[in-house]
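Read through the structure below, which is laid out as structure tokens, and then see the notes.
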Amino acid sequence: MKENLNPGGTGQRGGLYAPIEPFRQQVMEMPGGHRLYVEQCGKPDGVPVVVLHGGPGGGCSPGMRRFFDPAHYRVILFDQRGCGRSQPSANVENNTTWDLVADIERIREACGIDRWIVFGGSWGACLALVYAQAHPDRAAALVLRGVFTMTQSELDWFYGGGAGAFWPEQWTAFAGMVPREERSDLIAAYHRRLFSGDGVEQARFARAWAGWESALAVLDPGEGRGSPSGAYALAFARLENHYFVNGGFLDGDDHITRNMKRIAEVPGYIVQGRYDMICPPRTAHALHRAWPGSHLRMIPTAGHALSEPGISAELVSIMDQLRDGKGGGGR
């Protein structure tokens, strides 16, 4: 059963499936002292899908279960190292992209899955690409939203003033948290404070870091999106900053582009908001051009967030098409 994404009746396609509960929840012990929360929803013997959340550090939410027909898909969601319900929270030790790629493989093997659809947005899209390039035989298809590929130009856009040119009030508050002489590299400036060892300072800068991204996530924020909780902000800010300071632990700025040939035959579906201020459309466009097996669907009136009505509707539509045999699948 689906729910109309747009009760006003403006013709939006698709609709979210009704809320469901997991049929299995577990904590998996991983190397390096991390314990990952993993849940499975939908049909136990259905076509498998793994959901990769954003951030790094964003964690999964119940709403992420609702993009998949529960009578057809077996949906595996997990909180990546150091965030959500995984422990230890906000911990960056033994926490790299390659640790996460290895975790995904451990989860796949533990679930007895051969191949699966990989569904991810923002950082989750980046992780999906890196994972699929490392294990192309395990990716039946990729469904990506708000594409991010961990390049310096993308980081410069969001933390160097590009996005701030459109949101000057929020940018002034974000950049103004540090002395003027440190503002040429805000990622490094925030890193010093997020890892200072001073709990009060870390919390203050974590809220500022998370708040800057949250403010720009949707096309129309309305009366404001509120402030993230202290625990969420700390995990989100520390992990995201840790990954960005280290270039995503990838082998050069062009890591993903250089390895696209490895997934040339993997079906790909890219959903991108035209007015995405966090991950501008040029990245999705470039990825599509470098990927013969991909389809790009630009949503004309949408920002970055998974919750944007047009983006949600398109993602559900894609998953329904895959269900109906109009694309890649898994087993």
- Message: Could you report the stretch 66-199's accessible area per residue, 1.4 Å probe, as an integer in Å²?
- Response: 35
- Note on the structure: Probe 1.4 Å, heavy atoms of protein chains only: per residue, the accessible area of the stretch 15-65 in Å² is 39
- Taking springs between alpha-carbon atoms closer than 10 angstrom, which of 32, 273, 54 fluctuates most in the Gaussian network model of the chain? 32
- With +1 on each Lys and Arg Cβ and -1 on each Asp and Glu Cβ, how big is the dipole of the chain about its Cα centre, in debye rounded to the nearest 20? 580
- Query: Which of rounded, prolate, oblate describes the stretch 184-265, given a ≥ b ≥ c as roots of the alpha-carbon gyration tensor eigenvalues and a/c under 1.5 marking rounded, otherwise prolate only if a/b is larger than b/c?
  - Reply: oblate
- Taking the stretch 216-331 and dividing mean pair separation by its residue count, relative contact order in percent (alpha carbons under 8 Å, at least six apart): 29
- Long-range HN-HN contacts of residue 145 with modeled amide H, under 5 Å: 120, 121, 122, 125, 271
- Using r as the Cβ-Cβ distance of residue 180 and residue 203, and R0 as 30 Å, what FRET efficiency do you calculate, to the nearest 0.05? 0.80
- Name the residue farthest towards the positive end of the dipole of the stretch 1-143 from the options 122, 102, 86, assuming +1 on Cβ of Lys and Arg, -1 on Cβ of Asp and Glu, about the Cα centre. 122
- Note on the structure: Note on the stretch 212-331: alpha-carbon gyration tensor, axes a ≥ b ≥ c; rule is a/c under 1.5 for rounded, else prolate if a/b larger than b/c, else oblate; result oblate
- Item | Relative contact order of the chain, defined on C-alpha pairs under 8 angstrom at six or more residues apart (%) | 21
- Query: What whole number of Å gives the distance from the Cα centroid of the stretch 172-233 to the Cα centroid of the stretch 12-90?
  - Reply: 27
- Query: Which whole-number value in Å² is the accessible area per residue of the stretch 224-330, probe 1.4 Å?
  - Reply: 42
- Query: Among the DSSP beta bridges whose two residues both lie in the chain, what percent are antiparallel, rounded to the nearest 5?
  - Reply: 40
- Note on the structure: By the C-alpha gyration tensor axes a ≥ b ≥ c (rounded if a/c is under 1.5, else prolate when a/b exceeds b/c, else oblate), the shape of the stretch 11-146 is rounded
- Using a 1.4 Å probe over the heavy atoms of the protein chains, calculate the carbon and sulfur portion of the accessible area of the stretch 1-148 as a whole percent. 48
- Item | Choice from 169, 154, 314 showing the highest fluctuation, given a GNM over the chain with Cα pairs closer than 10 Å | 169
- Query: What are the residues whose amide H is under 5 Å from the amide H of residue 83, where those residues sit 5 or more places off or on another chain and H is modelled from the backbone?
  - Reply: 90
- Considering the zone a paramagnetic label at residue 85 would reach in this model (a point 7 Å from Cα along the Cα-to-Cβ line), which residues of the stretch 35-50 have amide N under 15 Å from it? 35-42
- Starting from the Cα-Cα distance between residue 167 and residue 301, subtract it from 0.36 nm times their residue separation and give me the gain in nm to one decimal. 46.5 nm
- Message: Between 59, 46, 248, where does the largest GNM mean-square fluctuation fall for the chain, given springs only between Cα atoms within less than 10 Å?
- Response: 46
- Message: Given R₀ = 35 Å, what would the calculated FRET efficiency be for residue 285 paired with residue 188, taking r from the Cβ atoms and rounding to 0.05?
- Response: 0.75
- Helix axis angle, 123-134 relative to the chain longest principal axis, alpha carbon, degrees: 60
- Expected 222 nm ellipticity per residue - DSSP helices of 4 or more, -39500 (n - 2.57), all of the chain, to 500: -10500 deg cm²/dmol
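The values are calculated or read from the model by the stated rules, or taken from the named source; none is laboratory data. This one's a predicted model, so the numbers in the text were calculated from it and none came from an experiment. All Cβ positions, glycine included, derive from the backbone under ideal geometry; neighbour counts span all protein chains shown. Surface accessibility is based on the protein's heavy atoms, side chains included, excluding ligands, DNA and RNA. Shrake-Rupley method; radii C 1.70, N 1.55, O 1.52, S 1.80 Å.
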